[in-house]
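Structure first, then comments.
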Amino acid sequence: MADSPFDLTGRKAIVTGANAGIGQGIAVALAKAGADVALVGRSSAAETRDLVEAEGRQAIEIAADLSSIGPVSDVVAQAVDAFGKIDILVNNAGIIRREDALDFSEADWDAVVDTNLKVLFFLSQAVGRHMVGWASQSGERGKVINIASMLTFQGGIRVPSYTASKSGVGGLTKLLANEWASKGINVNAIAPGYIATNNTAALQADADRSRQILERIPEGRWGDPSDIGGAAVFLASRAADYVQGHILAVDGGWLAR
Ligand code: NAP
């Protein structure tokens, strides 16, 4: 495994929003590939911590409410204190608010854009400043992986701030790749399709919407967080050293229809 281009042994990762759903799937997949993981979020990540430790890897929890950039520098300092270095950042924490565009409130706009876009940028900036300190001399590359969405490519309906934020994530992924590729950092994104998590609980519970969604997915099933974990291992690994500014759809074929 050690000479596999997908091996992450000894690599140190931050995953935000890792207590459940896609973040948990990514944290466990990174651990299976050999990485130690800092689990950053506002809820206890004890379950994810146990799953990472069961893979024989180190997990630390860092408590932080990522609805504002207040905790960003402290999150990076705690991860560097614990691990000595950060090799991989997965910007996964995100929220969604549903309402008709005609009735959409400023509060629902700000909450979603702040968490999904503003904090993603400033956490990437803080980790990027740390990575440029070692990446270009050591020959190893830092990896930033943003969690985008089908609404990075499509308009969606009744989710204006989510669509704006995830479209912004796509643009920032490319901008950061342009600026940081020469500094030893890869910046890419994963665009999950319809994954069975808390984020999509309302859609899964709506029998009509769920049937319509499944009819369009060539794979014929909702995705599982572990489906996203494999893509994250790829983008975090040496196998993706020449992949830059890419938004990798993991959607069971949704966009192909
Ligand atoms: P989820 O289970 O609701 O996970 C969201 C995660 O973000 C949770 O860990 C949540 O923590 C965390 N989070 C939200 N606000 C936070 C805050 N202020 N501070 C710290 N952590 C915060 O849903 P998910 O589907 O796994 O979502 C993960 C990411 O995938 C999101 O960026 C989402 O937009 C994206 N995504 C999901 C789908 C899908 O089909 N599920 C599709 C495309 C993109 P709490 O548990 O404490 O709220």
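The values are calculated or read from the model by the stated rules, or taken from the named source; none is laboratory data. All values derive from a computational prediction rather than experimental measurement. So basically every Cβ, Gly included, is an ideal-geometry build from the backbone, and we count neighbours across all protein chains shown. Heavy atoms of the whole protein, side chains included, go into the accessibility calculation; ligands, DNA and RNA do not. Shrake-Rupley method; radii C 1.70, N 1.55, O 1.52, S 1.80 Å.
Near Tyr194: Cβ cut-off under 13 Å, other residues only, Lys/Arg at +1 and Asp/Glu at -1. The net charge is -1. A Förster distance of 35 Å, applied to the separation of the beta-carbon atoms of Asp206 and Glu106, puts the FRET efficiency at 0.85.
Given their separation in residues at 0.36 nm each and the Cα-Cα distance between them, Glu47 and Asp81 gain 10.0 nm when the chain is fully extended. Sequence neighbours fewer than 8 away in the same chain don't count; with that in mind, list the aspartates and glutamates whose C-alpha is under 20 Å from Lys12. The reachable aspartates and glutamates, counting only those whose Cα sits under 20 Å from Lys12, are Asp3, Asp36, Glu47, Asp50, Glu53, Glu55, Glu61, Asp74, Asp81, Asp87, Glu140, Asp241. Beta bridges from DSSP with both residues in the chain: antiparallel share about 0 percent, rounded to the nearest 5. Enter the accessible area per residue of the stretch 12-251 (Å², integer; probe 1.4 Å; all protein chains in place). The answer is 42 Å² per residue. Amide H contacts of Ser149 (H built 1.01 Å from N, in plane; Pro and chain starts excluded): no residue 5 or more places away or on another chain comes under 5 Å. Here's the list of lysines a cross-link from Lys166 could span, going by alpha-carbon distance under 24 Å and ignoring same-chain residues fewer than 8 apart: Lys118, Lys143, Lys174. Asp241 sits among other residues whose Cβ lies under 14 Å from its own Cβ, and their net charge, with Lys and Arg +1 and Asp and Glu -1, is +2.
Helices that extend 20 Å or more along their long axis by alpha-carbon positions and average at least -0.5 on the Kyte-Doolittle scale are, among the DSSP H runs of the chain, 119-138, 160-180. Residue separation of Arg129 and Ala196 scaled by 0.36 nm, minus their Cα-Cα distance, works out to 20.7 nm of gained length. Farthest toward the positive end of the dipole of the chain, out of Gly70, Ile247, Val119, is the Cα of Ile247, where the dipole comes from beta carbon charges about the Cα centre.
Within the shell defined by Cβ-Cβ distances under 10 Å, the residues around Ala29 carry a net charge of -1, with Lys and Arg each +1 and Asp and Glu each -1.
For the chain, relative contact order (Cα pairs under 8 Å, six or more residues apart, normalised by length) works out to 21 percent.
Modelled this way, with points 7 Å down the Cα-to-C-beta line, the labels at Asp74 and Arg97 are 2.4 nm from one another. For the stretch 75-116, backbone nitrogen atoms closer than 15 Å to the point 7 Å from Arg158 Cα along Cα-to-C-beta are found at 96-105.
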